[in-house]
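> First the structure, then my questions, so here it is.
The values are calculated or read from the model by the stated rules, or taken from the named source; none is laboratory data. Just so we're clear, the structure is a prediction, and the values are computed from it rather than from any experiment. As a convention, Cβ positions derive from the backbone with ideal geometry for all residues, glycine included, and neighbour counts pool all protein chains shown.
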Amino acid sequence: MNEGKRVLIGIGGGIAAYKVCEVVSTLFKAGVEVRVILTSAATEFITPLTLTTLSRHPAYTDEVFWKPIHQRPVHIELGEWAQLLLIAPLTANTLGKLAHGLADNLLTNTVLASRCPILLAPAMNTDMWEAQSVQRNWQQLLQDSRYHNVGLGSGLLACDRVGMGRMAEPGEILAGVTSLLHSGGKRDLLGKEVLISTGGTREYLDPVRFIGNPSTGKMGLALAQAAKYRGAKVTLVHAPATWEVPLGIQTIPVVSAAEMRQAMLSHCSDADLIIMAAAVADVKPADYAQEKLPKRLLPSSLTLEPVPDILVELGKRKQPHQRLIGFAAQTGDIVTPAWEKLKRKQLDAIAANPIDQPGSGFGSDTNQAIFLDAQGRQQQIAPCTKLEMAHCLLDFVI
Ligand code: CTP
């Protein structure tokens, strides 16, 4: 989906600059055309040669500011060329300049000479980030709809402080880049609340053994990231997962279907869009042992009880302004059972995806599906990343 797209990356002077190498390399491998501008402070942390090598194109620095490309100023050429501008790490200095429309180097001139969406990945020491002037500049900048925010992490910083200020990880930045390339920066979910469930719920027999499934929750994570970049306020209810909790998204961890039901029902009334991407374990053991059962006491057969169907309950409570979306992970014929589930669960749309095809289903980073809706529309989605599929599903239902 990103192949042939043009991404300009502005690197500021911060230690997180080294993490941007992975972003450049991954984008290049995905077929994206990447150009890089380093501020003079950035060249103290990372060399233009590194970025030239990774992007397969000479990196730009202030030294080439006045050397024209095709007889035109570099900042105008680059500003017009870019379909997306990523600034990572965004330092307090560059942030201040952008907030006030200042342009004293190649990067800030290029920002003013461009019209594309700009994705910001700030990184700085906690006290610098919390300084009133920096917060004022940050809030002011985000008023401008051109600017999108990947979020800011917390943890151990290079200055040995533990707190806010870590730059988002490359995976988060790449999710932002893909999302903005897909949406062109439009916020078609602005003012909307999106509630998503994801992952495989677990029903424990004793403290260590459970009935579950191989779902990793990546599809729901991708939906949450896609909705965030389209302007939504997102709540993600997730079963046990190995991925990092995404920045800027409210997450509610759960384990069992009962906990997921409780979380979904208590948040559903505020939501405009509700998506059940979770793989809910359909049954639970009738008995639970408080202590770990020794092998010799394990039952030779289990008595199972059904767990509540959360989507059916959400369907019954659905308000006129709400859209309710389900998933149907199937083997064999995926369409017929999906139509049946769409009707039975009173859904507005359903994504039927095969789990018996290579590169799709549980745990995979890619997926394929057929989307169906209550009006009888049907759309086939060819194999693509889960983030791309998430955007296609949002396009389908909005
Ligand atoms: N679902 C749910 N609660 C359950 C089971 C499923 O909310 N207890 C939701 C899933 O999150 C998914 C949709 O219902 O969005 C379809 O799930 P699926 O397991 O395919 O459907 P089932 O109704 O369980 O039907 P079956 O297992 O018989 O195919």
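> List, please: which pairs have Cβ atoms under 6 Å, are six or more places apart or on different chains, and start with a residue in segment 189-204 that is assigned to a loop (DSSP other than H, G, I, E, B) and end with one that is more than 16 Å from the ligand (Cβ to nearest atom)?
From segment 189-204, the pairs are Leu189/Ala227; Leu189/Arg230; Leu189/Gly231; Leu189/Ala232; Leu190/Gly231; Lys192/Ala232; Lys192/Asp272.
> Applying the selection to segment 335-360, what residues are within 10 Å of the ligand (Cβ to nearest atom), in a loop (DSSP other than H, G, I, E, B) and more than 25 Å from the chain's Cα centre (by Cα)?
Residue satisfying the conditions is Lys345 alone.
> Here's another thing I want to ask about it. In segment 361-373, what count of residues is obtained for those that are away from the ligand (no atom under 15 Å from the Cβ), small (Gly, Ala, Ser) and touching a strand residue (DSSP E or B) at 6+ places or on another chain (Cβ under 8 Å)?
Result for segment 361-373: 0.
> Can you tell me which condition Val36 does not meet? The list is (1) assigned to a strand (DSSP E or B); (2) under 17 Å from Ala175 (Cβ atoms), and all the others hold.
(2)
> I need the full set of residues from segment 304-316 which are among the aliphatic types (A, V, I, L, M), in contact with a strand residue (DSSP E or B) (Cβ under 9 Å, 6 or more places away or on another chain) and within 10 Å of the ligand (Cβ to nearest atom), in order please.
Passing the criteria: Val307, Ile310, Leu311, Leu314.
> Further question: Run Gly363 past the list (1) small (Gly, Ala, Ser); (2) part of a loop (DSSP other than H, G, I, E, B); (3) surrounded by 19 or more Cβ atoms within 10 Å (Cβ to Cβ) and report the number of the one that doesn't hold.
Single failed check for Gly363: (3).
> Modelled with pLDDT of 95 or more, in contact with an Asp or Glu (Cβ under 7 Å, 6 or more places away or on another chain) and under 30 Å from Glu63 (Cα atoms): which single residue out of Val111, Val150, Val134 fits that description?
Values: Val111 fails: in contact with an Asp or Glu (Cβ under 7 Å, 6 or more places away or on another chain); Val134 fails: in contact with an Asp or Glu (Cβ under 7 Å, 6 or more places away or on another chain).
One residue alone meets the criteria, Val150.
> Among the residues of segment 255-266, which ones are in a helix (DSSP H, G or I) and within 14 Å of the ligand (Cβ to nearest atom)? Show your work before the answer.
Quick first cut of segment 255-266, residues in a helix (DSSP H, G or I) only: 257-266.
Result: Ala257, Ala258, Glu259, Met260, Arg261, Gln262, Ala263, Met264, Leu265.
> Which of the residues spanning segment 317-329 are more than 19 Å from Gln375 (Cα to Cα) and more than 7 Å from the ligand (Cβ to nearest atom)?
If the condition is that a residue be more than 19 Å from Gln375 (Cα to Cα) and more than 7 Å from the ligand (Cβ to nearest atom), then Arg317 is the only one that fits.
> Considering Ala232, Ala271, Ala281, Ala286, which residue is within 9 Å of the ligand (Cβ to nearest atom) and either surrounded by 15 or more Cβ atoms within 10 Å (Cβ to Cβ) or more than 28 Å from the chain's Cα centre (by Cα) (or both)?
Every option except Ala281 fails the conditions.
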